[in-house]
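No lab work stands behind these numbers, since they all come straight from the coordinates. All values derive from a computational prediction rather than experimental measurement. Because the Cβ atoms are built from the backbone with ideal geometry, glycine has one as well, and the counts that use them run over all protein chains shown.
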Amino acid sequence: MLKLENIVKTYKTSDMEVQALKGISICFRKNEFVSILGPSGCGKTTTLNIIGGLDHYTSGDLVINGISTKSFTDHDWDIYRNHKIGFIFQSYNLIPHENILENVELALIISGESKEQRKEKAKKALDNVGLKGLYNKKPNELSGGQCQRVAIARALVNEPDILLADEPTGALDSATSIFKKISEKKLVIMVTHNPELAEKYSSRIIKLLDGAIISDSNPYSSEDEAKEEKNKSDEEINKEKAKMTWFTAFKLSAKNLWSKAKRTAMTIIAASIGIVGVSAVLSIRGGVTGYIQSMQDEMLSGNPISISSSSFDLT
Ligand code: ADP
Ligand code: MG
């Protein structure tokens, strides 16, 4: 699903080059809880930022669902970040003068949904992390652990496939157990400096040292992924295929049209103007031609041309 292939990251500063990552290769499962451990400065944040599309690799490749990102444009990266990734930053990055509902809603602004829908979703995300009813509180009115849960809600509100967390601090046990629950359905990658916590909750521990992987407790490869795909029984494949029935597809497109009601209305009006214009021109032309024809017929029948011979004596 997500694969790092020999990722190298070099930071260039004015007087020197730092090779933060020296060739990292990891293949991730669709759903698992991966902890990345290692001493400060070994490249954990750099790895996470590259996976999340916040930073770009110097060489190597990040493969998403079998697609290379080598030729990704800025727009492709935007789409990837906004739809696939939920990011929980080390310092949470909450906006202090907005209440927590607005903080979570902000992650949905670019999704093109209506204000009511955004509020609804943001409330649900906050309820899911146990912050029901605190919607109007500002971040500084909450505890560190609660702020962390706001950050988790904000990361999840877009329903991403991949959740990334950089060294969560504070209420670690509660945050990590939330991550464990989430990893039943999603890929969760957490950077931590706490080995006990990693042991207790995660299903895979990757250790980094000096920009390279030194151990992986539960490795996975593209071959494993291919095998798993093959072993899927026909029934499962059929089930997956049947997931989107015609009805669901219709419902989804109707919902999509409705959610962008203004745009849809404008498209309808513009299309109608076009169609009405064309038919008006056609019918006016038909009408005018018919009118001329009937005028001619009437005039000519009222004034039949008569030809008679006559002669003049010019003398
Ligand atoms: P960790 O998260 O494991 O503590 P980082 O990934 O932040 O480590 O950093 C890895 C290495 O890359 C460090 O040596 C750090 O100094 C260097 N580094 C990180 N970001 C930058 C940057 N923007 N410019 C220059 N060097 C950087
Ligand atoms: Mg770091």
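Of all trypsin sites (Lys or Arg not before Pro) in segment 56-90, which ones are in loop regions per DSSP and have a Cβ with at most 13 other Cβ atoms within 10 Å? Those satisfying the criteria are LYS70. Among THR13, THR315, the ranking by other beta carbons within 10 Å of each residue's beta carbon, starting with the fewest, stands as THR315, THR13. Of the trypsin sites (Lys or Arg not before Pro) in segment 206-235, the ones in a loop by DSSP (not H, G, I, E or B) with at most 15 other beta carbons within 10 Å are LYS232. Measuring between alpha carbons in the structure, the pairs from LYS186/LYS230; LYS132/LYS260; LYS121/LYS260 lying more than 24 angstrom apart are LYS132/LYS260.
The charge dipole of the chain, taken about its Cα centre with unit charges on the Cβ atoms of Lys, Arg (+1), Asp and Glu (-1) only, comes to about 920 debye.
With a/c under 1.5 counting as rounded, go ahead and sort segment 22-61 into rounded, prolate or oblate using the C-alpha gyration tensor (a ≥ b ≥ c being the square roots of the eigenvalues; past the cut-off, prolate if a/b is larger than b/c, else oblate).
Working: a/c = 1.62, a/b = 1.12, b/c = 1.45.
Note, shape of segment 22-61 comes out oblate.
The Cα atoms of the chain cover 134, 57, 46 Å along the three principal axes, with the biggest extent listed first.
Using the count of nearby Cβ atoms within 10 Å as a rough guide to exposure, how do SER14, SER283 rank from fewest to most? Each step should come with its number before you reach the end.
Working: SER14 4, SER283 10.
Listed from fewest to most nearby Cβ atoms, that is SER14, SER283.
Maximal additional length on extending the SER283-SER177 stretch stands at 31.2 nm, based on 0.36 nm per residue less the C-alpha distance.
What FRET efficiency comes out for the pair GLU141/HIS56, r = Cβ-Cβ distance, R0 = 41 Å, nearest 0.05? The partial results should precede the final answer.
Details: r = 38 Å, r/R0 = 0.92.
The formula returns an efficiency of 0.60 here.
Ranking of MET299, MET190, MET1 by neighbouring Cβ atoms within 10 Å, starting from the fewest: MET299, MET1, MET190. Taking every DSSP helix (H) stretch of at least 4 residues in the chain, weighting each as -39,500 (n - 2.57) and dividing the sum by the residue count yields a mean residue ellipticity at 222 nm of -15000 deg cm²/dmol. In summary, the lysines within cross-link reach of LYS9, defined as a Cα separation below 19 angstrom excluding same-chain residues under 8 places away, comprise LYS22, LYS44, LYS70, LYS207.
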